[in-house]
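The values are calculated or read from the model by the stated rules, or taken from the named source; none is laboratory data. Source: prediction; values computed, not measured. Virtual Cβ from ideal backbone geometry, glycine too; neighbours counted across all protein chains shown. In case anyone asks, the SASA skips ligands and DNA or RNA and just uses the protein heavy atoms, side chains included. Shrake-Rupley method; radii C 1.70, N 1.55, O 1.52, S 1.80 Å.
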Amino acid sequence: MASLSSRRDFILRSGKAGLGLYVGSTVLSSCSSAKVLTGKTNTGFQQTPLPYSYNALNEAIDATTMEIHYTKHAAGYATNLQAAAKNENVDMTKPLEEVLRRISKYSTAMRNNGGGHYNHELFWKSMSPKNDQKPSGKLAAAIDESFGSIDTFKTQFSDAGKNRFGSGWAWLIVDGDKKLRIGSTANQDNPLMDVAEIKGFPLLGLDVWEHAYYLRYQNKRPDYIANWWKVVNWDFIQDRYQSLT
Ligand code: MN
């Protein structure tokens, strides 16, 4: 318990420290013939500080859910990922993305926890206390072109989350032809993985595991999704889109 409470204190103290994103070189290889896009930021193997307080997203997600989700679920994925990486001789100074793109070569523990860690690191940064942001610029134009309108996009993305049976994620991705696409993955898989149902660079991911919403929404996943749009950090998603190479 001592270590848990110190961890929590550390997280609370460091919550204002910023996003803690790694910025560095991105090298990747892929067995896919399609071009694989890369972003300017990479994900490390350690959990980074939550970029806001637990109650900051209360418009959509309550503080208790945020705290348990970050300090127990997501922290667990990070810890178990590090253990798997140690077991499988993975160099943890390199981007996690390199492992995810070749995840079929690794264990189930690496797949579940590597995906779990990556997905949550993206999820926290994809939300903001600045409510009701809207996409603008090149991303807004790409959404209009791909889906007709932002409202149609939101409906299709929401449906991907609602229709994911069991636990998983809904995604907005950029595929190898730089086209926006919507899809979903089961469990903690994500579109970077060579085993994923939908492949590409994840711009925006929505956690539809029950642990993400059950305290406030119980079985009403659609209500959680409808409210979640209020806290989407479109500035972050837009930067992510525009940084793709
Ligand atoms: Mn989760």
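Numbers at a glance
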item: Restricting segment 108-203 to chymotrypsin sites (Phe, Trp or Tyr not before Pro) in coil, as DSSP defines it, with at most 13 other Cβ within 10 Å; result: Phe165
item: Distribution of pairwise C-alpha distances over segment 61-242, 10 Å bins, in %; result: 10, 38, 36, 15, 1
item: Above-threshold pairs, the threshold being 23 Å between Cα atoms, out of Lys72/Lys105; Lys72/Lys154; Lys138/Lys178; Lys94/Lys199; result: Lys72/Lys105; Lys72/Lys154
item: Additional length obtainable on full extension of the chain from Asp151 to Thr64, 0.36 nm per residue less Cα span; result: 28.3 nm
item: The chain, accessible area per residue, ligands and nucleic acids excluded (1.4 Å, Å²); result: 47
item: Assigned charges on the beta-carbon of Lys, Arg, Asp, Glu; the chain dipole about Cα centre (debye); result: 260
item: Surface accessible to a 1.4 Å probe, Glu88 within the full protein complex, Å²; result: 60
item: Where His211, His73, His120 fall by accessible area, highest first, once all protein chains stay in place (1.4 Å); result: His73, His211, His120
item: His73/Ser136 FRET efficiency (R0 30 Å; Cβ-Cβ; nearest 0.05); result: 0.40
item: Top positive-direction residue, dipole computed over the chain with Cβ charges, set Ala83, Asn42, Ser104; result: Ala83
item: The chain, relative contact order in percent, only Cα pairs under 8 angstrom and at least six apart counted; result: 23
item: Distance from segment 186-245 to segment 78-148 (C-alpha centre basis), Å; result: 10
